[in-house]
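First the structure, in the form of structure tokens, and then the observations on it.
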């Protein structure tokens, strides 16, 4: 079959709502786009453990500690589901790690911001996980089977992340004036970077059209961002916090909130490696990998030894 | 020794007795014992299962999607394998 015919057949399957499985024929660009997107999503989960791990030893109560530990452990699990999904497309786990460690692969820029106060941990759960959920709920219907299945699993677990974060924020808002101020300060710092999580505006996002056609994405960056803003405005009201955007207001005609201009120069600065913590994050991942080498080697050696023992037993 | 990737294992979980084991995903481990421990941590953090199978991926033989036709199409024109193919009188209440 000619490549055009194969591509036509492939698009017909997508249009008919069929899922694509790893061994099916697919255009090379579909494969590459998925490897890039799924591995970057996995890297985000793994790097995403760092800002929160920063506070595990300093939680105010035991209740918060078990919650935060469980959340960080989930992020590790989510990274593993996603790496597995990407591996079905023919890239090895080690190659993905190499791409992360050398800076070739990106991860979500939001994790290059520091967690300076305890309120930042609540705000991450509320806003960052909230934004991630909006994106991930859409991805449960993505056209590539293993990615969609990983997303279903992740979405089931993610809702607890957002709720524990928002509960933390509510607790601070119902506390002393200083505690409430802390929550407001965290919102002020995380609001705009959270909006940037959805990626560049549609007209600046050249891949969106193809991604929508292949049903990799079911909604555009701007649609998802708008959805997030509309939902979050209501949540901020419940907490009694002010969203740091003087232009934010309900637009009756559109049925959505209008919002102020996003500073895209900041977005690109952080994406290109010059955010507050890009270098520290990458160093932490590289150190973990390098310092874990002897453990991986020992595990492998142990298993080989056990297998040899088994062989000997059988031979006797 | 270094840079040697751990083998891939497929994980199957029985969510409760009475149901079959179902494929849930994969993971890397040096041997079956580690695969079992990792499967517990990665796939059953919220009581998702009562039983786990792990199988090294290289031991699975999978059908090729290119053979879809020859494998599965022959079943398409065999409607006589289904109960609805057979016509029975309406008066017959149970069968």
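The values are calculated or read from the model by the stated rules, or taken from the named source; none is laboratory data. As the structure is a prediction and not an experimental result, all values here were calculated from the model. Positions of Cβ are backbone-derived with ideal geometry, glycine not excepted, and every protein chain shown enters the neighbour counts.
At a glance:
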{"item": "One residue from A:292, A:273, A:260, A:240 being on the phi > 0 side of the Ramachandran plot and at pLDDT 95 or above", "result": "A:240"}
{"item": "Helices (runs of 4 or more DSSP H) wholly inside region A:90-207 containing at least 3 residues that are more than 17 Å from residue A:68 (Cβ to Cβ) and more than 14 Å from every other protein chain (Cβ to nearest Cβ)", "result": "A:129-139, A:177-196"}
{"item": "Conditions (1) over 21 Å from the mean Cα position of the chain (by Cα); (2) under 26 Å from residue A:39 (Cα atoms); (3) surrounded by 19 or more Cβ atoms within 10 Å (Cβ to Cβ); number of the one not met by residue A:194", "result": "(1)"}
{"item": "Search result, residues across region B:41-61 that are more than 16 Å from the chain's Cα centre (by Cα) and loosely packed, with under 15 Cβ neighbours inside 10 Å", "result": "B:41, B:45, B:46, B:47, B:50"}
{"item": "Residue in region A:230-242 that is in a strand (DSSP E or B), away from every other protein chain (no Cβ under 14 Å) and more than 25 Å from the chain's Cα centre (by Cα) present", "result": "no"}
{"item": "Per-region count, region A:199-211, residues more than 14 Å from residue A:270 (Cα to Cα) and either under 19 Å from the mean Cα position of the chain (by Cα) or in contact (Cβ under 8 Å) with a residue 24 or more places away in the chain (or both)", "result": "7"}
{"item": "Residue that is nearest to the other protein chains (Cβ to nearest Cβ), among those in region B:45-68 that are farther than 26 Å from residue A:306 by Cα and touching a strand residue (DSSP E or B) at 6+ places or on another chain (Cβ under 7 Å)", "result": "B:48"}
{"item": "Members of region A:10-51 found to be part of a loop (DSSP other than H, G, I, E, B) and in contact with a helix residue (DSSP H, G or I) (Cβ under 7 Å, 6 or more places away or on another chain), listed by number", "result": "A:19, A:21, A:22, A:23, A:24, A:25, A:26, A:27, A:48"}
{"item": "Enumeration of residues in region B:1-31 that are more than 9 Å from chain A (Cβ to nearest Cβ) and more than 14 Å from the chain's Cα centre (by Cα)", "result": "B:7, B:16, B:17, B:18"}
{"item": "Subset tally (residues that are closer than 24 Å to residue A:21 by Cα, touching a helix residue (DSSP H, G or I) at 6+ places or on another chain (Cβ under 8 Å) and not in a strand (DSSP E or B)) for region B:44-71", "result": "1"}
